[in-house]
Every structure is written in C-alpha cells, then in structure tokens.
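The values are calculated or read from the model by the stated rules, or taken from the named source; none is laboratory data. Not measured: the values here are computed from a predicted model. Ideal geometry is used to build each Cβ from the backbone, glycine not excepted, and the neighbour counts take in all protein chains shown. Side chains included, ligands, DNA and RNA excluded: accessible areas come from the protein's heavy atoms. Shrake-Rupley method; radii C 1.70, N 1.55, O 1.52, S 1.80 Å.
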Amino acid sequence: MASEVSTDHMDLYTAPTWQCVMVCWGTKYSTALINNLARSIANKTRSQPRFILISDRDRPDLADRIELVRFPEFWLQDRLKTSGCQAKLVMFEQGIVPTDLPAIYVDLDTIVLGDLGTGLELMQNRKTVAILQSAIIPFGWIGRSLYRWTNRRRYARGNSSFVIYHPAECHFIAERFKALLDQHPKLEFRPMAADERFISWVAQEHMVRIPNSFAVKFPGEFMFYWGFWLYIKAALPWVRNRRKGLVAVTLNGLMIKPEKLLSLKEGDVIVDEKSRKLIWSEKTLGFMRSKIQAFYAGSL
C-alpha cells in the first residue's frame, strides 16, 4: 500500500500560481507580526503564493519565504503616508510587483481564517480590481453608469484592506496618480484623498466587490452603536453561517489593534472614534474571539 503524502507539504515545492502582496512603512508593525501573517496564509491555502513585502527599510528577521522589495522614494513622501495611505498605491507601480501572476494585497492588521487564494475566483478578467464595498453606491453596472453619467464625479467606492488585481494590467493606477499629484500637490482633488478612493475612481470600469461572505472589516461586522444589536446579530442563523465561512477579517481602526484586544476580559466594552461599541464576549463574537487570540498569540 502506497504511503500517503501531505498535499500541503507538496504545495511548498510547486511553482506559485498567485502573489500575496503586503506593504509596510515605519515601525508600527513588527517583523514577527508580518511573518505570522505570511505563515497563516501559507498554512491555509492549497496553492502556495509568492510573498512580497514592499518596505521602506531592511527587515533582518523577515522569513525566508517573503521577498522584500524597497519602496521607491516617490511613494515615501510624508504627504502620502498620512491617514489617506496613498503610499499603498506603490503596489501598482511598474517594476515593484512581478507581472507574471495575479496578486492579492492584504493589510497587515488582518486575521486569515481560510484559503486567501480563493479570492482570485472573483476576477472576471485580468483587468478586474476587487476590493471591499464601503459606500451605498454598489460596484457593477450601477456604479459604472453613475460614473459615466456624472462625468466621473460620482462612483462606487471601496476599502483597500484587500485588493485583488493583476499587476500587469494595473500600472495605470500608479501612473495616473503620479501625473495628478503634479497638478494637485496638496491632494485637494477629491479622488486623491485616500488610496482606496483613488483606486475606486480611476479603475471604476473594472471594479468588483469582495463579498462579506469572503472578508469583512472587523468594526463593520462586530461593532455597532447599540450594544444589544450585537447580541441579536450574532444569534441570527444566516449571520452565524456566513461568519463560519469567512476567509479573512481586517482589524482596521485605532481602538481595536491586537494589543488592545488581547488585554480585554469577558464583557469588556470599548468604543471607537465613530462611537461604535465592541463587546468582548462569546455571545457577540462567537468563534472569532478565540481566533483572534490564537492568531496573535505568538506575534506580539
């Protein structure tokens, strides 16, 4: 009888079919956390990706599986590293991310629960750019029609915690931003106010929504203005089923960083800058609480 071979082990020796892109500047995120994120992605995907970290500095303790690419100086301007995070548009810069494979960008404050590579199934063609929805106007024919009818003044917008794209088809995003920055050095042109807003605007014709069955923002999914609603929402069967299938959750927001979450006790309540409440309880978070604790236990 032939011995069984782990497919996960075999994947480590096959050529990558996609790329996982991460971006980091400054000292906010430790190398240990970056390594932990890459390890989690690798352990949960059936098709091993090529890992690329775009960084403003050397990281001696970076895992061997992660290729470090240095930031071009243009994207390290102080005005591009504020809350608008326009420096993240470096992921579209020609010569930064190889153009042979599709890519999935992931924010560093992300918990991975499943196979991130399945997100590539959302791509309708090589020009597709998929991100989370963040405004009322939906991506698709409605957003594209409004974009055309208003001469690009109104459009669907998203959140760039995750970006699914093909680098070979998206250099125009970085090139267009750089050209507009010469015309609007103070970023006063509204679409340039943030990286995700600019991506949505310049690539509107190719935008696709990442569904909340695949990934969510932690504040939008597990926080709300009224605490009682968090208990009700967590008990709804369809919400519980959808949460069980989540592939990734991004913990965006200053009040809910990993260090803060891991210090909470049962029933603790924190409120973010938008007055949304988080109740640290099994009844409101379900399995997510233990997933958060396990994910960050060895990286902080």
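Structure values in brief
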read-out	value
Accessible-area ranking of ASP78, ASP272, largest first, probe 1.4 Å	ASP78, ASP272
Computed over the range 216-277, the ratio Rg/Rh where both radii use C-alpha atoms and Rh is Kirkwood	0.95
Estimated Rh, the chain: Kirkwood, alpha-carbon pairs, angstrom	20.3 Å
Cα-only Debye scattering, the range 188-300: base-10 log of I(q)/I(0) at q = 0.09, 0.11, 0.16, 0.23 Å⁻¹	-0.29, -0.43, -0.83, -1.32
GLN133 long-range amide H proximity, modeled H, under 5 Å	ASN159, ILE210
For the range 121-231, with +1 on Lys and Arg beta carbons and -1 on Asp and Glu, the positive-most of TYR231, SER200, TYR165 along the dipole	SER200
Full-extension gain in nm, ARG152 to ASN125, via 0.36 nm per residue minus C-alpha separation	7.5 nm
Computed helical MRE - 222 nm, the chain, DSSP H runs ≥ 4 contributing -39500 (n - 2.57), nearest 500	-8000 deg cm²/dmol
Per residue solvent-accessible surface (Å²) - the range 158-295, probe of 1.4 Å	45 Å²
Portion, in percent, of the accessible area of the range 205-266 that falls on carbon or sulfur, probe 1.4 Å	62 percent
Kirkwood Rh (inverse of mean 1/r, distinct Cα pairs), the range 107-190, angstrom	15.0 Å
Unit charges on C-beta of K, R, D, E only; dipole of the chain, Debye	1220 debye
Accessible carbon and sulfur surface of the range 34-180 relative to its total accessible area, %, 1.4 Å	46 percent
Selection from ALA215, ASN36, PRO72 lying farthest towards where the dipole of the chain points positive, charges on Cβ	ALA215
